[in-house]
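Contents: one structure, followed by commentary.
We did not get these values from a lab; they are worked out from the coordinates using the rules stated. Being a predicted model, the structure only gives us computed values, none of them experimental. Note that each Cβ is placed from the backbone with ideal geometry, even for glycine, and that neighbours are counted across all protein chains shown.
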Amino acid sequence: MGQPRDLMNRATAAVLAGDLEALRNIYAPDVVATTPDEGELHGIDRFIEWNQTFVGSFTDRQYIPLSEHETAECAIDQGDFVGTHTEPLVMPDGQTVPPTGKQIRMRAADVATVREGRIVRHDFYFDQLDMLVQLGLMEAPAGTTAT
């Protein structure tokens, strides 16, 4: 296992444990992250804030890896995030969704780029619509099925 894989695994473990301060030792202070819900985030403080919004809303968090890849500068993961919505979820527009008590299983992929021993860029991909359907906040579009 190389450095990119080690850093990605440590980041995933910290998020699942809710230990977001540990991310300061894994990510560069000027990390750039791209997210489906809030676009591009700049800096470790903003990145931790984004993680807190999501992590704080779901208990019994799990990540089930389906595929893991690594290059000299990059770790790429594809898998399922599983968690139960037990705390309010703050949406990007500032609205708060009260706990639904529902468990979601959301397919995700992410790419972490490493330089000088830290993650300097992290790109996240997940289906927001699928999450909202699973939480019972939206109906699935015609011709689709929720996971």
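Taking Cα atoms only, the orientation of helix 44-55 departs from the longest principal axis of the chain by about 30 degrees. For region 7-87, relative contact order (Cα pairs under 8 Å, six or more residues apart, normalised by length) works out to 24 percent.
Stretching Ala140 away from Ala72 to a fully extended chain increases their span by 20.5 nm, per 0.36 nm per residue minus the current alpha-carbon distance. Available extension along the chain between Leu129 and Thr34 is 32.5 nm, counting 0.36 nm per residue and deducting the alpha carbon span. Here the Karplus curve 6.51 cos²θ - 1.76 cosθ + 1.60, taken at θ = phi - 60°, turns the phi angles of region 115-130 into couplings of 9, 6, x, 9, 6, 9, 8, 9, 10, 10, 9, 7, 8, 5, 4, 4 Hz, with x standing for Gly and Pro.
How high is the FRET efficiency between Asn25 and Ile64 when r is their beta carbon distance and R₀ equals 22 Å, given to the nearest 0.05? Rounded to the nearest 0.05, the efficiency is 0.30. Each Lys and Arg Cβ is given +1 and each Asp and Glu Cβ -1; about its Cα centre, the chain then shows a dipole of about 240 debye. Scanning the chain for GluC sites (Glu not before Pro) lying in DSSP loops with no more than 15 further Cβ atoms inside 10 Å, the longest uninterrupted stretch between such sites is 74-115. So how tilted is helix 3-17 from the main axis of the chain? Cα-based, degrees 0 to 90, rounded to 10. Taking the Cα atoms of the chain, the angle to 3-17 is about 40 degrees. Among the chymotrypsin sites (Phe, Trp or Tyr not before Pro) within region 34-116, not one is in coil by DSSP while having at most 10 neighbouring Cβ atoms inside 10 Å. Near Val90, the amide H atoms lying under 5 Å from its own belong to Val97; only residues 5 or more places off or on other chains count, and H is placed 1.01 Å from N.
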